[in-house]
Amino acid sequence: MQLRFDIAIIGGGAAGTLAALQCLRRADRAMRIALFEPAPRLGEGVAYATDRPEHLLNVPTGRMSAWPDRPHDFLDWIASHAGHPGVAREALAHAYAPRREYARYLRERLQQAREASPATLEPVRARVDALHRESDGWTLRWAGGEAHARQVLVAVGNAARPLPARGARSLPAPRLVDAWDYAGVAAIAPDAEVCIVGTGLSMVDAVLTLAASGHRARIHLLSRHGLLPLAHDTGHQVDEAFDPDALHPLGTRARLRRLRRQVREAAARGLPWQAVMERLRPHVQALWRSLPAREQRRFLRHAVRHWDIHRHRIAPSVQAVLEDLAASGRLRVHRARLDMAVSGQRCVQLTAHGRDRRSLALDVDHVVNATGVEMRVQAMRNPLLEQLLGDGHAAPGAHGIGLASDADGRLLDARGRAQDDLRVIGSLRIGEAWESIAVPELRVQAEVVARAWLGRGG
Ligand SMILES: Cc1cc2nc3c(=O)[nH]c(=O)nc-3n(C[C@H](O)[C@H](O)[C@H](O)COP(=O)(O)OP(=O)(O)OC[C@H]3O[C@@H](n4cnc5c(N)ncnc54)[C@H](O)[C@@H]3O)c2cc1C
């Protein structure tokens, strides 16, 4: 007999778990909710699957609550768990907890929500391959099974980008290590020379793990722009004098000019540039939506890298580790585009070229792919997304990134029709919302979907 659910959530990473929490909380009658996730543990996905203590959240504890209306919930959880005796609550709120703690928190809250809800949450250990529309909902298919659900939420999260180089596909596994393979990075020998391709947050994770594992050899960092994430301000200030609404009528260039001016004005008042970014952060989605498409394209072409290093910041203690390694000469940044990666007798030979066309050749023992999240939906290699696109149940998002959806997460089909019973949360909404990857946005998206399907409840 076919399994039948009221709601099916596809993906049990942080986003899917936040959605399950919201559905359990808002349900006011017995109903069946399925949470499909192939990984053994819920709430981890890519970001929180790390067991490494050096991998910290890049958002302070005080802002990582699972609930939009209970902003201190994660702080309360952290404070009530052992290991922080004598640490003032204010200091804990501004601290950066190990990411593995966050998965434990989500799982604990999920368990509590299951016990308190009239609804039943049924985790299904499977990767959904296809969705087929029925008159009363959807049939979900996976290897060895199928189920029916009246409403389906797609929360399949972050896809890794393959190493962008000729020859990369034929590199043997121990030579090419994925930065999200946390155990693989930790297994790199201390005297092995390493090149990390990509200089964003996944690079930072890999460097921290190498440093924590006693790595002694040189670490090369390679990216086209050579820009590294910047650090949070230790003072946690917000520039309240700045009115982000003033940016709405402006195009990309004028907005950036205005922001630079604001940073200078803030500096004159003794505030760091981070205070301006903090003020801006809650307005980013609205600002993105108010940019005309050609201005969004301009942002993606010219400003996105600079935006990323200012927006996706690291804990000050993490920046100190990077600076120490750079000062000792063990960390070397190369601004160049990788062309080729081939496996030699005892090493990987990398060739790249810089902006000035000068070529760069590196022989290293391992290359770590830290190129991060793939935004182009056509390149994500997720069979479910390919099927949804192929069958016209979904369409690529603006600029080919993510999936087309409306502001309430309804997926738009190939003809642009919003589907009330097929919704999406997380980084797949990047084209429509831009700021759609971190917990402060995911928890709101999860709430909006649960509210739409189950009413106000909770
Ligand atoms: C390394 C890293 C560190 C980060 N640190 C932070 C941080 O400190 N704070 C913060 O707010 N944000 C952070 N982020 C942003 C992060 O993306 C979100 O916080 C959150 O983890 C995203 O969760 P997700 O569930 O959308 O995606 P994912 O973590 O990618 O989870 C998606 C899940 O869906 C499953 N899945 C995929 N396809 C299918 C399918 N067809 N069927 C069933 N299941 C499927 C996958 O197995 C996976 O478990 C970080 C991101 C990364 C990559």
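Just so it is clear, none of the values below were taken in a lab; they were calculated from the coordinates. Because the structure is predicted, anything quoted here is derived from the model rather than measured. As a convention, Cβ positions derive from the backbone with ideal geometry for all residues, glycine included, and neighbour counts pool all protein chains shown.
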- Message: Pairs of alpha-carbon atoms within less than 8 angstrom and 6+ residues apart define the contacts here; what relative contact order does the range 313-458 have, in percent?
- Response: 12
- Would you mind pulling out the separation of the Cα centroids of the range 337-364 and the range 421-458, in Å? 41
- Task: Compute log10 of I(q)/I(0) for the range 269-354 with the Debye formula, placing one identical point scatterer on every Cα and leaving out solvent, at q = 0.26 Å⁻¹, to two decimals.
- Result: -1.25
- Task: Based solely on C-alpha atoms, express the radius of gyration and the Dmax of the chain in angstrom.
- Result: 22.5, 70
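Can you work out the FRET efficiency for the pair residue 340 and residue 104, with r the C-beta to C-beta distance and R0 = 51 Å, to the nearest 0.05?
Working: r = 42 Å, r/R0 = 0.83.
Plugging the Cβ-Cβ distance into 1/(1 + (r/R0)^6) gives 0.75.
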- Task: Read phi for every residue in the range 24-30 and hand back ³J(HN,Hα) as whole Hz from Karplus 6.51 cos²θ - 1.76 cosθ + 1.60, θ = phi - 60°, with x for Gly and Pro.
- Result: 4, 5, 8, 5, 10, 7, 5
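What does the charge count around residue 208 come to, taking other residues whose C-beta lies under 12 Å from its C-beta (Lys +1, Arg +1, Asp -1, Glu -1)?
Values: positive: 52, 99; negative: 54, 205, 324.
With Lys, Arg at +1 and Asp, Glu at -1, the net is -1.
Calculate the FRET efficiency for residue 148 and residue 306 from the Cβ-Cβ distance with a Förster distance of 30 Å, rounded to the nearest 0.05. Provide the component values of the computation, followed by the final result.
Values: r = 47 Å, r/R0 = 1.58.
Efficiency, from the Cβ-Cβ distance: 0.05.
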- Query: Quick one: helix 99-116 against the long Cα principal axis of the chain, what's the angle to the nearest 10°, folded into 0 to 90?
  - Reply: 10
- Note on the structure: Once residue 294 and residue 129 are pulled to full extension, the length gained, defined as 0.36 nm per residue separation minus their Cα-Cα distance, is 55.9 nm
- Item | Cα-centre dipole for the range 244-311 with unit charges at Cβ (Lys and Arg positive, Asp and Glu negative), debye to 20 | 300
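Quick one: net charge of residue 418's neighbours, Cβ under 15 Å, K/R +1, D/E -1?
Values: positive: 133, 410, 415, 417, 423, 429; negative: 406, 408, 413, 420, 421, 432.
Once positives and negatives cancel, what remains is 0.
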- Magnitude of the Cβ-charge dipole (Lys and Arg +1, Asp and Glu -1) of the chain about the Cα centre, nearest 20 debye, reported as 1320
- Descending Cα extents along the principal axes, the range 312-359, whole Å: 37, 29, 22
- Query: Using the alpha-carbon centroid of each, what span in Å lies between the range 10-64 and the range 77-135?
  - Reply: 5
- Percent antiparallel among DSSP beta bridges confined to the chain, rounded to 5, stands at 45
- Query: Arranged by the count of other C-beta atoms within 10 angstrom, fewest first, what order do 23, 195 take?
  - Reply: 195, 23
- Which order do peptides 224-231, 421-428, 148-155, 266-273 fall in by mean Cβ count within 10 Å, highest first? 421-428, 148-155, 224-231, 266-273
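Kindly provide the helix-only [θ] at 222 nm of the chain, computed as the sum of -39,500 (n - 2.57) over DSSP H runs of four or more divided by all residues, to the nearest 500 deg cm²/dmol? Don't jump to the answer; show the numbers that get you there.
Numbers: 15 runs with 146 residues, N = 458.
Mean residue ellipticity, 222 nm, calculated: -9500 deg cm²/dmol.
Once the piece of chain linking residue 408 and residue 111 is laid out straight, how much longer is it, given 0.36 nm per residue of separation minus the C-alpha distance between them? List each step's numbers first, then the result.
Working: separation 297, 0.36 × 297 = 106.92 nm, distance 2.69 nm.
Between residue 408 and residue 111, full extension yields 104.2 nm more.
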- Query: What's the angle, to the nearest 10 degrees (0 to 90), between helix 439-454's Cα axis and the longest principal axis of the chain?
  - Reply: 10
- Label the range 244-311 by shape, choosing from rounded, prolate and oblate, from the square roots a ≥ b ≥ c of the eigenvalues of the Cα gyration tensor; if a/c is under 1.5 it is rounded, and otherwise prolate applies when a/b is larger than b/c, oblate when it is not. prolate
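Suppose every K and R has +1 on its Cβ and every D and E has -1 on its Cβ; what is the size of the dipole of the range 110-268 about the Cα centre, in Debye to the nearest 20? Please report the intermediate quantities before stating the final value.
On the way: 20 positive and 17 negative charges, 173 e Å.
Dipole magnitude for the range 110-268 comes out near 840 debye.
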- Note on the structure: In order over the range 257-269: 3J(HN,Hα) from phi, Karplus 6.51/-1.76/1.60, θ = phi - 60°, whole Hz, x for each Gly or Pro, gives 4, 5, 5, 4, 5, 4, 5, 5, 5, 5, 4, 5, 9
